[in-house]
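Here is the structure we will look at.
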């Protein structure tokens, strides 16, 4: 009798451990996967070849709706750009640098996020799980999708503009008891990192474009303005200017 | 049962006293997918005799510890914007009439919380599951001790801090044995309740 009870206790324990183990799992799938991303090779530029990078604007869109961008995200993007060692200084939005010299690169960043939490499907699965007294928990997967597109537009001191773009997406698959707000942060973190890695890889390929010696400074104080006389319309009567008085000859 | 009421009251008073007043001005709670909620709710049950065959005037206190997990981000863009949570609840009832008896049950619970009002969040909930009571077999409405409990109700959560909320509401309780034994008239009751939830 004791042996019988012991056997069933062991079977029961293994069953509970399997259910708990499989019911608490979660995984993150990235596209492109982190293995496909090449690490950014930073070029060692001489200090006098590096120019400052100044953040000009930062726009954040979430599912197409404009959002208030956070300084944390901006800092993360700047940190990633800093890793390329292409620029001497990175100036965030709103900062007032002392003197940057004549050669600076202006950066305009857009972050377009797409979030698909599959809410209705999750709600339906929740009802099914509740109805099963949670017995189906190890067998029902929940999903949460996140995609991001980071655009970086750099304008060189001479007015040349170049645009870079990093795109990535990911899905976190989780069981009911494995759900935690941290997993969403993890997913967003991985996707953003993949975007920025792709972006900086493109940026590094253009290293020579942002070297101080790559282009002379265009003097912004002198601007040539072409003014043309308005050609009189044929439909309107032309005005003839006639001097009213003729100066007397000496 | 008095000691349970004392524990609940003491816990709630302690929580109120330990919540910094400054935090009351914090913004709305940020509840996302995976946010968990543990709560303790207590109330008092008043019987409803819906037919002439119902004679038992059962009443007594109820204590309901619960756990929930948020399944969705807010759904919708209007006043009905809300989130769905799934969880489980233990139900303990003490019947003081017609006999001092007890009941305990376990119910999966689903809840829709309206989030449009910020810190004040109304909700609707539904729960159902197995329920055991030694009142069964001693009254004409229920033949056996193993039953099921079904509850549905509405309530409101008031977030003192982004992590702590007080809840109050009303539930309708139905206890019956799903036809596993006869008679099976069922016990019906109203259950006004109050409690608190902690979110993490």
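Values in this text are rule-based calculations from the coordinates and carry no lab data. All figures in this text were calculated on a predicted structure; none of them were measured in a lab. Cβ placement follows ideal geometry from the backbone for every residue including glycine, while neighbour counts extend to all protein chains displayed.
Expected output is a single nm value to one decimal: the length gained when fully extending between residue A:89 and residue A:8, i.e. 0.36 nm times separation in residues minus the C-alpha distance. What is it? Working shown, then result.
Values: separation 81, 0.36 × 81 = 29.16 nm, distance 6.77 nm.
Between residue A:89 and residue A:8, full extension yields 22.4 nm more.
Looking at segment A:20-211 alone, DSSP beta bridges between its own residues are antiparallel in about 75 percent of cases. Sorted ascending by nearby beta carbons within 10 Å, beginning with the fewest, A:132, A:213 become A:213, A:132. Mean per-residue shielding of peptide B:66-75 is 5, counting Cβ atoms of other chains within 10 Å of each Cβ.
Find the eigenvalues of the gyration tensor of the Cα atoms of segment B:2-199, then list the square roots of 5 times those eigenvalues as equivalent ellipsoid semi-axes, largest first, in whole angstrom.
On the way: eigenvalues 221, 71, 33 Å².
The equivalent ellipsoid of segment B:2-199 has semi-axes of 33, 19, 13 Å.
Normalised by the number of residues in segment B:2-199, the mean separation of alpha-carbon contacts (under 8 Å, six or more apart) gives a relative contact order of 20 percent. Determine the shielding of peptide A:122-130 by partner chains: average, over its residues, the number of Cβ atoms on other chains within 10 angstrom of each Cβ. For peptide A:122-130, the averaged partner shielding equals 6.
Please express the shape of segment A:20-211 as an equivalent ellipsoid: the semi-axes are the square roots of 5 times the eigenvalues of the C-alpha gyration tensor, given largest first in whole angstrom. Kindly include the intermediate steps, with their values, before the conclusion.
Values: eigenvalues 340, 54, 30 Å².
Working through the eigenvalues yields semi-axes of 41, 16, 12 Å.
Report, in degrees rounded to the nearest 10, the 0 to 90 angle that the Cα long axis of helix B:2-18 makes with the longest principal axis of chain B. So the helix axis and the longest Cα principal axis differ by about 10 degrees. What separates the Cα centres of segment B:140-200 and segment A:115-165 is a distance of 35 Å. This ranking places A:186, B:125 by how few other beta-carbon atoms lie within 10 Å of each, fewest first, which gives A:186, B:125.
Looking only at other chains, what is the average number of their beta-carbon atoms within 10 angstrom of each beta-carbon in B:120-129? Please list the in-between numbers first.
Working: counts 0, 0, 0, 0, 0, 0, 2, 1, 2, 2.
Mean partner shielding for this stretch: 1.
As a proxy for reagent exposure, ranking A:133, A:17, A:55 by other Cβ atoms within 10 Å from fewest up yields A:17, A:133, A:55.
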